[in-house]
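Undergrad: Below you'll find the structure I mean.
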């Protein structure tokens with residue numbers, strides 16, 4: 001335990017660092033009880049993946065990165081080992097049955113819909129655009145390119161792509177995900193702008209690999225909360 005504490009004392013003890021410390025210590029203790037250990041091959045593979053991800057190509061790149069983070073090579077290896085152990089524990093507790101249960105309990109949150117959007121400054125203009133769309137007088141992509149003030153989608157003809165509930169303003173969530181939603185929704189006011197949404201495709205919610213990873217994270221976070229209570233840890237707010 002003292003070795004664990006010394007490692008974290010070297011870093012700035014912000015709330016996030018304290019939370020990392022608690023997670024690390026708990027995961028290491030629980031991993032021992034589960035007979036989970038990290039091999040040298042596991043560490044090397046994870047370290048290589050991290051260097052590729054962060055573009056630490058040369059040894060000099062790695063040393064400069066460590067210096068910028070106020071870490072040495074032992075700290076780096078400790079961080080990599082924590083990551084590997086956390087993933088191994090997460091995969092152990094996130095059984096197929098738990099993943100299926102979590103998916104069923106949170107299925108609404110996993111729903112996605114493919115949309116386009118037009119954003120304008122004035123309600124009168126938004127109403128006119130919506131009327132043209134409803135009456136089939138103009139193409140959505142043409143109107144988006146001509147009138148939308150959303151520079152991230154205007155040049156794409158208003159195309160946004162797949163979104164979930166969290167990616168939408170609350171004023172749009174229920175309308176977009178309603179079973180009886182029409183092809184066009186709006187205008188809806190959000191942050192002083194007016195939005196018109198085109199429903200391109202409603203996608204069936206499936207337990208694919210990406211959703212499984214989200215479920216694993218939910219399971220792990222719930223497991224961690226229980227372990228924090230078990231060890232009677234009081235985290236700062």
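Undergrad: Does any residue of segment 122-140 turn out to be in contact with a helix residue (DSSP H, G or I) (Cβ under 7 Å, 6 or more places away or on another chain), within 30 Å of residue 219 (Cβ to Cβ) and surrounded by fewer than 17 Cβ atoms within 10 Å (Cβ to Cβ)?
TA: Checked segment 122-140: no residue is in contact with a helix residue (DSSP H, G or I) (Cβ under 7 Å, 6 or more places away or on another chain), within 30 Å of residue 219 (Cβ to Cβ) and surrounded by fewer than 17 Cβ atoms within 10 Å (Cβ to Cβ).
Undergrad: For residues that are at pLDDT below 90 and under 30 Å from residue 100 (Cβ atoms), scanning just segment 182-209, find the one that is surrounded by the fewest Cβ atoms within 10 Å (Cβ to Cβ).
TA: Result: 204.
Quick grid of which residues meet (1) under 30 Å from residue 199 (Cβ atoms); (2) modelled with pLDDT of 90 or more:
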position	(1), (2)
7	no, no
30	no, yes
34	no, yes
55	no, yes
72	no, no
86	no, yes
103	yes, yes
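Undergrad: Now for a different question. Between 206, 201, which is outside any helix (DSSP H, G or I), farther than 19 Å from residue 131 by Cα and in contact with a strand residue (DSSP E or B) (Cβ under 8 Å, 6 or more places away or on another chain)?
TA: 201 is the lone residue from the list that is outside any helix (DSSP H, G or I), farther than 19 Å from residue 131 by Cα and in contact with a strand residue (DSSP E or B) (Cβ under 8 Å, 6 or more places away or on another chain).
Undergrad: Can you tell which of 61, 48, 124, 40 is under 28 Å from residue 163 (Cβ atoms) and without any contact (Cβ under 8 Å) to a residue 12 or more places away in the chain?
TA: The unique qualifying residue is 124.
The values are calculated or read from the model by the stated rules, or taken from the named source; none is laboratory data. Just so we're clear, the structure is a prediction, and the values are computed from it rather than from any experiment. With ideal geometry, Cβ positions are generated from the backbone for all residues, glycine too; neighbour counts draw on all protein chains shown.
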